[in-house]
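See structure below.
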Amino acid sequence: MKKIIMLTVLMFFVGTSMVQADIGATKDTLEKVYDADAVLGGADGWAQVANAADRVDFYKNAEEYLEYATNVTGGGCWMQQAAAGSYWMANVTNTISWTIEVSIKMSTPEAGVTHDVAMWADANGKGTIYAIRDTGSAILYADSTNSYDNTDAFHKFRIALDVDANLIYVWRDGELLETYAPSNPGGAQRLIFGDCSSAIISGTVQYEYFAIDATGAYPPPTDKAQGPTPDNGEPLYDRDDDLSWNAPDLGTVDHYVLNLRANDPNWFDTANNTVVDPATSPHEPGTLEFDTEYFWRVDVVTATDTVEGSTWLFTTAPANPVVLTDPAGMTVAAGHPANLFIEHLNGASFQWYQDGVPVPGETATTLDIASVQLGDEGLYHCVVMNAAEPDGVASAKGLLMTRRHVAAWQFENNLAEDGGVLIGQMAKHVQEVDGTGAGVVDENGDPVLVDLSAEADPNYVAGYHGQGIEFFGDKEHVLVPGTEEAFDFYPQGLTASVWVKATGGMGTFSAMVSKMFNSATSSVDRGWVLNHRNSTGLPRTQIMQWGSMDGPALFPNEFGTNQNLHDGNWHQVVLTFEKAVYYEDTDEYRQQGRIYVDGGGVKYVDGSAVWYRTIASSTGEPLTCPDVPLMIGIDELGGGGGIIGVIDDVNIWSYPLTADEVAALYQQDVPGAICVDLEGLEFDTNNDCVINLEDFAVFAATWLNNRIVE
């Protein structure tokens, strides 16, 4: 069987040809250009790869182009640079920008068949796989984003990665086709041109050349007008602004002709075209309609020719106000300032609200609080008004919190939070089933739930302190109404702690504390959960859109015996989440999560350090989860992650506790020293987390030892 190396590709498509390329100077000829002789001769490490049992080789045809032909699925062959010493391997990494190009002519397939070849660029897990087809092109396996004919002549396809913008750009014959975020095409280091997937048929393909440039991301020069303002695809353009463009790279312009029309790009319907000949940049188009899609094109007229421009698109803003930037949630220390703001179009007047109540005197686009206090906490939004919309358009809500201990549940014969405000209630939800016994789902594929909370009763038993509450993995759990929006601060920072004595649970993971909605539509997964693996007893967290992590694998007891959460003993488990930590080595902001068990320190077992905590970071930013309350003992409403065991003392903070604070929290219940880290302890010879005279004695005992032989 032919090796298919397109198995675990994760593509993120974030743009189309509606995005204008702006990545620096153009470049006509790339650094390395390879014709048929160079490629077949193995220059700079080019090599031919295919299944040896079904090999169809490249060859130089009569026109001296590189050619390859097959009309069967799985009979593909490709050229690649993947060996040590090749140009791609020696010069391209996942931290630099690069450009590749091919001049290619496809063949016309039989009816019902599509011919594809790939441009596969992988720099240690960062790149793309792009398919060129007889008609159109796109990310491999995706629908074509254009309908250009690639069989009528040779066409130049250029792909560039701008590492600073983290964008892939694709051009055909100098025209930008699309932009999108790079993906992980497989994690290896390779450059491929050809039929490299068993799922495609290439037909007869001719290559005029391959080209590579590891010195940057370069747009091709063009003879068309370029650099439009508004950007191609601009969704909210001010109808009173001018249109402008830049001159082409090639040729000498005599003048420009501007074409403009609303709602469709049918330039042949000349009755509805606005044509300005000659036109100059910038051009004032007159008063355009609100909320209307406009297509426009700038043709370049030279002394000998007219070069038809690319069709660009923009949409004018509506007459109503538009909120461009919503107020961001934030958590600040009491007494510190907070600044909430919105950005908008068409707004004439403004009113801020806190928890749905107008804030007196706050009628600007910004809301400044000089010294935030507990009473300032809440959900803030701004209503933007104008004559077209006197009732206004509301922004999304931003949650303002102070850094504080938010809530605690001790389960002393009741489900009330210590402050008496948030009262938990026993709940139970199961999936509805149809007449065949199959689970019923809604239009999104999510389960339809039946509320059986009337059957649920708390089972109070001996806890770590006084009483706790026992769960049996039967979907009964504690649900806390009123925490849906009020506890939605976790993307800004969070600590959740729990004392637990577990023996197992339902499903793969069993939850201790959660505020999570795990949709069948993965794009809307929201929230967080502190749970554990039922197979191993390891603590674990999942923070939607950020990622997941396991807690410490082994935490020895005082006798040196390794334990997990299923050992029948009480353990304190703490989850912290910290937003926006800057990593200098990768020049990016990443969010950190930590799981601590029993103080989160480090102990030495048989001379090896065993940590009671783990840490992970990710660039993924969690989404707020305003429709889901805090739950204890299950992962989500109707979920399969119900715990078997006893839970006590659930605490929530609006900020991440430090390692020292987590250790101190544990020491409130379990006195004793905790070694929180090994910073500066390389000379701690007896592993007691202290450098003192005992360590010096070990050092002094070998003072002046001399093993030099002269």
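When you go through A53, A69, A90 one by one, which is the residue that is at pLDDT below 90, touching a Gly at 6+ places or on another chain (Cβ under 9 Å) and outside any loop (DSSP other than H, G, I, E, B)?
A69
Among the residues in segment 466-477, are any in contact with a Lys or Arg (Cβ under 6 Å, 6 or more places away or on another chain), within 20 Å of W499 (Cα to Cα) and either surrounded by fewer than 20 Cβ atoms within 10 Å (Cβ to Cβ) or of a type in the set (D, E) (or both)?
Checked segment 466-477: at least one residue is in contact with a Lys or Arg (Cβ under 6 Å, 6 or more places away or on another chain), within 20 Å of W499 (Cα to Cα) and either surrounded by fewer than 20 Cβ atoms within 10 Å (Cβ to Cβ) or of a type in the set (D, E) (or both).
Just for segment 267-284: of the residues that are modelled with pLDDT of 95 or more and in a loop (DSSP other than H, G, I, E, B), which one is farthest from G251 (Cα to Cα)?
E284
Among S497, S453, S510, which is the only one that is within 30 Å of G378 (Cβ to Cβ) and under 36 Å from the mean Cα position of the chain (by Cα)?
The match here is S497.
How about segment 92-111: which of its residues are polar (S, T, N, Q), in contact with a strand residue (DSSP E or B) (Cβ under 6 Å, 6 or more places away or on another chain), open to solvent by 10 Å² or more (accessible area, probe 1.4 Å) and more than 28 Å from G187 (Cβ to Cβ)?
S107
Is it the case, given these coordinates, that T145 is hydroxyl-bearing (S, T, Y), crowded, with 16+ Cβ neighbours inside 10 Å and modelled with pLDDT of 90 or more?
Against the criterion (hydroxyl-bearing (S, T, Y), crowded, with 16+ Cβ neighbours inside 10 Å and modelled with pLDDT of 90 or more), T145 does not qualify.
Exactly one condition in (1) modelled with pLDDT of 85 or more; (2) under 18 Å from L575 (Cβ atoms); (3) of a type outside the set (D, E) is false for G620; which is it?
(1)
Test T114 against the criterion of being of a type in the set (V, I, T), surrounded by fewer than 22 Cβ atoms within 10 Å (Cβ to Cβ) and either in contact (Cβ under 8 Å) with a residue 24 or more places away in the chain or under 25 Å from E67 (Cα atoms) (or both), and give yes or no.
Yes: the conditions hold for T114.
Specify the residue that is nearest to K397 (Cα to Cα); the eligible residues are those in segment 607-628 that are open to solvent by less than 50 Å² (accessible area, probe 1.4 Å) and part of a loop (DSSP other than H, G, I, E, B).
Step by step, filter segment 607-628, then rank; the result is P626.
Which of the numbered conditions does K475 fail, given that it passes all the others? Conditions: (1) more than 18 Å from A416 (Cβ to Cβ); (2) of a type outside the set (A, V, I, L, M, F, W, C); (3) not in a loop (DSSP other than H, G, I, E, B).
(3)
Can you tell me how many residues in segment 529-558 are aromatic (F, W, Y) and either closer than 21 Å to V628 by Cα or under 26 Å from the mean Cα position of the chain (by Cα) (or both)?
Counting residues in segment 529-558 that are aromatic (F, W, Y) and either closer than 21 Å to V628 by Cα or under 26 Å from the mean Cα position of the chain (by Cα) (or both) gives 1.
Let me spell it out: the conditions are (1) in contact with a Leu (Cβ under 8 Å, 6 or more places away or on another chain); (2) closer than 18 Å to G194 by Cα, and W98 meets all of them except one. Which number is the exception?
Tallying (1) in contact with a Leu (Cβ under 8 Å, 6 or more places away or on another chain); (2) closer than 18 Å to G194 by Cα, W98 fails exactly one: (2).
Can you find a residue that is touching a residue at least 12 places away in the same chain (Cβ under 8 Å), charged (D, E, K, R), surrounded by 13 or more Cβ atoms within 10 Å (Cβ to Cβ) and within 19 Å of T306 (Cβ to Cβ) anywhere in segment 232-241?
no
Which residue, of L538, L494, L575, is open to solvent by 20 Å² or more (accessible area, probe 1.4 Å), farther than 30 Å from V441 by Cα, at pLDDT 90 or above and hydrophobic (A, V, I, L, M, F, W, C)?
Of the residues listed, the single one that is open to solvent by 20 Å² or more (accessible area, probe 1.4 Å), farther than 30 Å from V441 by Cα, at pLDDT 90 or above and hydrophobic (A, V, I, L, M, F, W, C) is L538.
Are there any pairs, at least 6 apart or on different chains, whose C-beta atoms fall under 7 Å, with the first in segment 291-309 and farther than 22 Å from R239 by Cα and among the hydrophobic types (A, V, I, L, M, F, W, C) and the second open to solvent by less than 30 Å² (accessible area, probe 1.4 Å) and in a loop (DSSP other than H, G, I, E, B), and if so, which?
Within 7 Å, the pairs are V300/A225; V300/P248; V300/G309.
Grab the strands (runs of 3 or more DSSP E) fully contained in segment 298-396, keeping just those with 1 or more residues being among the hydroxyl-bearing types (S, T, Y) and in contact with a strand residue (DSSP E or B) (Cβ under 7 Å, 6 or more places away or on another chain).
312-316, 322-325, 330-332, 349-354, 366-369, 378-386
Can you pull out every residue in segment 311-323 that is open to solvent by 20 Å² or more (accessible area, probe 1.4 Å) and either farther than 30 Å from R403 by Cα or modelled with pLDDT under 95 (or both)?
The answer is T311, L313, T315, P318, A319, N320, V322.
Can you spot a residue in segment 695-709 that is of a type in the set (A, V, I, L, M, F, W, C), open to solvent by 80 Å² or more (accessible area, probe 1.4 Å) and at positive phi?
yes
Tally time: how many residues in segment 285-297 are farther than 21 Å from R172 by Cα, in a strand (DSSP E or B) and among the charged types (D, E, K, R)?
Final tally of qualifying residues: 1.
Search segment 132-144 for residues that are more than 21 Å from K105 (Cβ to Cβ) and pair each with any residue that is open to solvent by 10 Å² or more (accessible area, probe 1.4 Å) when their beta-carbon atoms are under 6 Å apart and the residues are at least 6 apart or on different chains.
I139/M11
The values are calculated or read from the model by the stated rules, or taken from the named source; none is laboratory data. Predicted model only: the values in this text are computed from it and were never measured. All Cβ positions, glycine included, derive from the backbone under ideal geometry; neighbour counts span all protein chains shown. Note: areas computed on protein heavy atoms with side chains; ligands, DNA, RNA excluded. Shrake-Rupley method; radii C 1.70, N 1.55, O 1.52, S 1.80 Å.
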